[in-house]
Every structure is written in C-alpha cells, then in structure tokens.
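Novice: Pasting a structure here, questions to come.
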Amino acid sequence: MRILVVGAGAVGGYFGGRMALAGQDVTFLVREARAKALAENGLVIKSPNSEVKLSEVKTVQRAQIDGAYDLIVLSCKAYDLESAMDSFAPAVGPSTTILPLLNGMRHLDVLRARFGQASVLGGVCLIAATLDASHAIVQMTDMHAIVFGELDGAKSARVEAIAAALRTGGFDVDPIDTIVQQMWEKWVFLATLAGSTCLFRASVGDILASPGGEAAMRALFEECAAVAGAHGHAMRAPFAERARGMLFAPGSSLTASMLRDIENGLRTEGDHVLGDLLARRPPERTDPADRVVPTMLELAYTHVKAYEARHRR
C-alpha cells in the first residue's frame with residue numbers, strides 16, 4: 001500500500017514513522033525546511049520506554065508528487081486544511097482513500113466537497129505527543145491509537161486493508177462502524193479540556209483545587225455534550241464515565257495542547273474546536289441579549305479569540 005502522510009509533526013510523524021520503521025511504503029508530504037531537517041537528522045521518536053530513529057525518511061513536496069497514493073493520512077492542524085488540500089491534491093486518484101485525523105467535524109464537509117463523498121473516511125487519533133527543541137517526536141504517555149471507519153457505518157474491504165497496514169506500526173488500531181459518534185465524543189472531551197485549561201491557564205488538577213473550578217468544568221462539559229446530543233450524538237455512558245474520570249481527577253497534570261500553543265505564542269485551533277461547536281448549538285428559545293452572564297463555552301471561545309487578537313497585534 002502506497003501511503004502519503006501529510007505532515008511530519010507530532011501526530012503524522014509518530015504514526016507514519018512507526019509504519020515506515022515496520023517496512024510500509026510511507027512518504028511524508030512536508031515543507032522544504034522540514035524535508036531538509038529530516039534528511040539530515042532522520043525522524044526520531046522518543047517514547048516512555050524507548051527511542052527509535054528512522055534514518056532514511058521519504059519526503060515529497062507538491063511539485064514532486066508523481067501520481068496517486070492508495071492512502072493519504074491527514075494530520076495537519078485544522079487551520080491548515082485548505083493549504084494542505086492544495087498540496088496533496090495531485091496525490092488523489094479515483095481509488096485514493098483519505099483518512100483525516102483532525103479535531104472537530106468541519107473538515108469532513110470540506111474534504112468531501114473537494115474530493116468526493118466516497119474518498120473520505122472518519123478517524124480520530126488518541127495520543128499525547130509533542131515536538132521537542134530538536135524536533136524529535138516525544139510520546140508523553142503509552143496511549144497511541146487510531147480509530148477509524150466508513151462515515152456511513154458500513155464494513156468495507158478498504159477499511160480492513162488499511163487496518164492491516166496500520167497495525168504493522170505497533171500502535172493500537174480499531175476499525176469501527178460508529179466513527180461519527182466517536183468523533184463527536186472526542187470533540188466534546190477536547191472542547192471541555194481545551195476550553196477549561198485555556199480559560200483558567202491551568203491544569204485539570206489546579207482548576208479542581210480552585211474555588212468554583214469543578215463547577216465551571218462540569219458546566220462546560222454538559223454544555224458541549226448538549227450540542228452533540230442535539231445533533232443526534234448523545235454521549236454514551238462508557239464514554240461519559242471515562243471522560244469524567246480524566247476531567248475531574250484531583251491532582252491531574254492534564255492540559256490541552258491548545259494551552260501549550262497559547263503558552264508558546266502559537267496559533268490555536270480555537271475556531272475549529274470551540275467556535276464551530278458553539279456555532280452548532282441549537283437556536284436559543286430566548287434572546288441571547290437578555291442573558292447577563294455568557295455560557296462557559298462562550299467565555300472559553302472569547303478567551304482564545306482575545307489571545308489571538310492580541311497575538312496578531
């Protein structure tokens with residue numbers, strides 16, 4: 001299977017690197033500077049119990065794409081989606097499957113409008129990873145999984161073939177027939193975690209240890225879950241239990257990558273994780289102008305947008 005991984009950052013570099021180390025035909029679509037760095041230093045993955053290096057990394061840029069790929073794994077930031085699509089468009093053929101691992105839901109509509117309904121799968125990745133100062137990929141916990149499937153819930157031969165290729169990488173792979181539900185559930189969890197840790201500029205444990213912190217996080221979680229429920233994807237009990245276990249664990253050092261983006265002065269996915277969820281809320285029965293206090297989701301989104309406005313200025 002000929003695989004193109006769009007981006008070689010913490011997510012794409014980790015999963016693509018693991019597959020390449022296992023012998024899969026993996027090429028990374030990267031910018032010129034990243035291609036040069038990978039050629040000089042290889043791709044390094046630092047996990048909790050080991051460190052591995054892919055010395056020979058196959059990279060390509062848009063002008064160098066020489067035909068269609070069987071699978072395109074899309075791991076860019078949501079705000080880079082438009083430019084990413086322009087970059088990998090020459091790699092899309094009639095039999096190409098696109099597996100996006102982006103946050104939120106908006107990207108599904110955008111990808112299907114550009115490349116066709118049948119080309120796109122649903123997917124989520126479960127990993128805590130970042131790039132260190134040397135641009136090595138640092139896996140911060142043992143969790144590393146890709147969950148994916150057909151958007152209509154059908155079982156298909158291509159999903160099974162992709163699952164077989166992914167499994168060679170040694171990470172967890174779960175092809176499921178409820179991927180849209182899974183994507184909504186991850187979105188609710190991420191919006192709660194990102195919204196709260198960014199708004200309070202603190203970890204879960206620090207928020208819970210503060211007056212009103214737990215109540216604020218619970219209100220945000222319930223608000224996000226209500227949006228999903230209004231779109232026919234109410235939170236399933238096992239998910240809600242796991243999410244609450246992580247979001248309300250006393251002393252937890254858990255934070256969202258969006259908070260790390262803010263702390264590092266970087267662009268955020270605020271529009272895609274918080275803003276789009278806010279835009280999907282059902283219409284209010286009363287005039288929002290009559291409300292004196294904004295909701296938690298509104299406050300969290302306003303906070304991130306204020307950061308971005310200041311950062312631009």
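The values are calculated or read from the model by the stated rules, or taken from the named source; none is laboratory data. Bear in mind the structure is a predicted one, so any value in this text is a computation, not a measurement. Cβ placement follows ideal geometry from the backbone for every residue including glycine, while neighbour counts extend to all protein chains displayed.
Novice: Hey, residue 98 hits all of (1) within 17 Å of the chain's Cα centre (by Cα); (2) within 19 Å of residue 10 (Cβ to Cβ) but one; which does it fall short on?
Specialist: (2)
Novice: Name the residues in the stretch 236-277 that are over 19 Å from the mean Cα position of the chain (by Cα) and outside any helix (DSSP H, G or I), would you?
Specialist: 236, 248, 249, 250, 251, 252, 253, 265 - these are the residues of the stretch 236-277 that are over 19 Å from the mean Cα position of the chain (by Cα) and outside any helix (DSSP H, G or I).
Novice: So residue 114 fits all but one of (1) farther than 21 Å from residue 61 by Cα; (2) modelled with pLDDT of 95 or more; (3) not acidic (Asp, Glu); what number is the exception?
Specialist: For residue 114, the exception is condition (1).
Novice: Same structure again: Just need a number here: residues in the stretch 31-47 that are outside any helix (DSSP H, G or I) and in contact with a strand residue (DSSP E or B) (Cβ under 6 Å, 6 or more places away or on another chain).
Specialist: So the answer is 6.
Okay, residues lined up against (1) under 21 Å from residue 20 (Cβ atoms); (2) among the hydroxyl-bearing types (Ser, Thr, Tyr); (3) free of Cβ contacts under 8 Å to residues at least 40 places away in the same chain:
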site: 57; (1), (2), (3): yes, no, no
site: 60; (1), (2), (3): yes, no, no
site: 66; (1), (2), (3): yes, no, yes
site: 70; (1), (2), (3): yes, no, no
site: 81; (1), (2), (3): no, no, yes
site: 87; (1), (2), (3): yes, yes, no
site: 99; (1), (2), (3): yes, no, no
site: 113; (1), (2), (3): no, no, yes
site: 117; (1), (2), (3): no, no, yes
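Novice: From 189, 200, grab the single residue that is under 30 Å from residue 217 (Cα atoms), touching a residue at least 40 places away in the same chain (Cβ under 8 Å) and of a type outside the set (Ser, Thr, Tyr).
Specialist: Only one candidate passes the filter, namely 189.
Novice: Which pairs have Cβ atoms under 7 Å, sit 6 or more apart or on different chains, and link a residue in the stretch 39-55 that is at positive phi to one that is outside any strand (DSSP E or B) and surrounded by 15 or more Cβ atoms within 10 Å (Cβ to Cβ)?
Specialist: As it stands, the answer is 42/57, since those pairs meet every condition given.
Novice: If you don't mind, another one. Filter the stretch 19-30 for residues that are under 20 Å from the mean Cα position of the chain (by Cα) and not in a strand (DSSP E or B); which is farthest from residue 170 (Cα to Cα)?
Specialist: Out of the qualifying residues, it is 30.
Novice: Those residues that are among the aliphatic types (A, V, I, L, M) and buried (at least 18 other Cβ atoms within 10 Å of the Cβ), I need them from the stretch 239-262; list them, please. Walk me through how you get there before you give the answer.
Specialist: If we filter the stretch 239-262 for residues that are among the aliphatic types (A, V, I, L, M), which is where we start, we get 240, 243, 246-247, 249, 254, 256, 258-259, 262.
243, 247, 256, 258, 259, 262 - these are the residues of the stretch 239-262 that are among the aliphatic types (A, V, I, L, M) and buried (at least 18 other Cβ atoms within 10 Å of the Cβ).
Novice: Okay, next question. Can you tell me which residue within the stretch 73-101, out of those that are over 24 Å from residue 176 (Cβ atoms) and not in a helix (DSSP H, G or I), is modelled with the lowest pLDDT?
Specialist: 77
Novice: Do you know which residues across the stretch 188-233 are within 17 Å of residue 263 (Cβ to Cβ) and among the hydroxyl-bearing types (Ser, Thr, Tyr)?
Specialist: 196, 197, 203
Novice: Also: Of the residues that make up the stretch 263-285, is at least one surrounded by 15 or more Cβ atoms within 10 Å (Cβ to Cβ) and hydroxyl-bearing (Ser, Thr, Tyr)?
Specialist: yes
Novice: Now for a separate question. Within the stretch 29-45, count every residue that is surrounded by fewer than 18 Cβ atoms within 10 Å (Cβ to Cβ) and among the basic types (Lys, Arg).
Specialist: 2
Novice: Do we find a residue being in contact with a Ser or Thr (Cβ under 6 Å, 6 or more places away or on another chain) and either among the acidic types (Asp, Glu) or assigned to a strand (DSSP E or B) (or both) anywhere in the stretch 51-61?
Specialist: yes
Novice: Given the options 29, 43, name the one that is at pLDDT 95 or above, among the aliphatic types (A, V, I, L, M) and in contact with a Gly (Cβ under 6 Å, 6 or more places away or on another chain). Show your work before the answer.
Specialist: Working: 29 fails: in contact with a Gly (Cβ under 6 Å, 6 or more places away or on another chain).
Among 29, 43, only 43 is at pLDDT 95 or above, among the aliphatic types (A, V, I, L, M) and in contact with a Gly (Cβ under 6 Å, 6 or more places away or on another chain).
Novice: Residue 301 passes all but one of (1) within 21 Å of the chain's Cα centre (by Cα); (2) surrounded by fewer than 10 Cβ atoms within 10 Å (Cβ to Cβ); which number fails?
Specialist: (2)
Novice: Just the residues that are β-branched (Val, Ile, Thr) and more than 20 Å from residue 293 (Cα to Cα), please, taken from the stretch 198-236.
Specialist: Scanning the stretch 198-236 gives 204, 207.
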